[in-house]
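Notes for the one structure printed next.
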Amino acid sequence: MLSQQTLFELFSKQHNWQDRYRQLIALAKQLPDFPDLKKIESNQIYGCENRVWLTNEKQLDNTFTFQGDSEGRIVKGLLAILIIIANHKTAEQIKAIDFLAILKQLKITDELSLSRQQGIEKIIESIKLAGS
């Protein structure tokens, strides 16, 4: 997976929504495969436009790694961004992240429908609850 810095570099090169949309689709394709056996109700995030699943694993160094999937390509791309931002951070670091501000810096949120924005907030909420 990419780093947060690489995300900023990638999206700074995109000059319009169509380019950013294509970048989201490319990121969706880079998400590691999410096994069907993890697509269970307890891993599903409700309140999203498409079905979304998210899991996390606490590592020995107290950081978390996230894995997820979505049936929608844009949502899956957005999920990939959120996972890149949150991966390999402690619960305290994750809680301190302003995910929405980062998405705004990447010039993504302005083009999303209200229902997608609400779904993103549900995913962020689930990520932040990981360390609780």
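The values are calculated or read from the model by the stated rules, or taken from the named source; none is laboratory data. Predicted model only: the values in this text are computed from it and were never measured. No Cβ is skipped: glycine too gets one built from the backbone with ideal geometry, and neighbour counts run over all protein chains shown. We work out accessible area using only protein heavy atoms, side chains counted, and drop any ligands, DNA or RNA first. Shrake-Rupley method; radii C 1.70, N 1.55, O 1.52, S 1.80 Å.
Couple of notes before you dig in:
- This model, with +1 at the C-beta of Lys and Arg and -1 at the C-beta of Asp and Glu, gives region 5-69 a dipole about its Cα centre of some 180 debye.
- Averaged per residue, region 16-132 has 54 square angstrom of accessible surface, using a 1.4 angstrom probe with ligands and nucleic acids left out.
- Leading residue at positive end of dipole, region 1-49 (Cβ point charges), from Ser3, Leu27, Trp17: Trp17
- 18 Å Cα-Cα reach of Lys104 towards aspartates and glutamates, excluding residues that sit fewer than 8 places from it in its own chain: Glu9, Asp19, Glu121, Glu125
- Full extension of the segment from Asn62 to Phe8, taken as 0.36 nm per residue of separation minus the current Cα-Cα distance, would add 16.8 nm.
- Across Lys38/Lys107; Lys13/Lys122; Lys89/Lys128; Lys13/Lys95, pairs whose alpha-carbon gap is larger than 20 Å: Lys38/Lys107; Lys13/Lys122; Lys13/Lys95
- Overall dimensions of the chain, expressed as equivalent-ellipsoid semi-axes from the Cα gyration tensor (√(5λ), whole Å, largest first), are 22, 17, 14.
- Ile108 long-range amide H proximity, modeled H, under 5 Å: none
- Spherically averaged projected area of region 33-87 from its Cα convex hull (nm²): 4.1 nm²
- Of all accessible heavy-atom area on region 65-132, the percent that carbon and sulfur account for (1.4 Å): 47 percent
- The chain: relative contact order in percent, alpha carbon pairs under 8 Å with at least 6 residues between: 27 percent
- Charge dipole (debye, nearest 20) of the chain; +1 at Cβ of Lys and Arg, -1 at Cβ of Asp and Glu: 200 debye
- Counting charges near Gln14 (Lys, Arg +1; Asp, Glu -1) among other residues having Cβ under 9 Å from its Cβ returns a value of +3.
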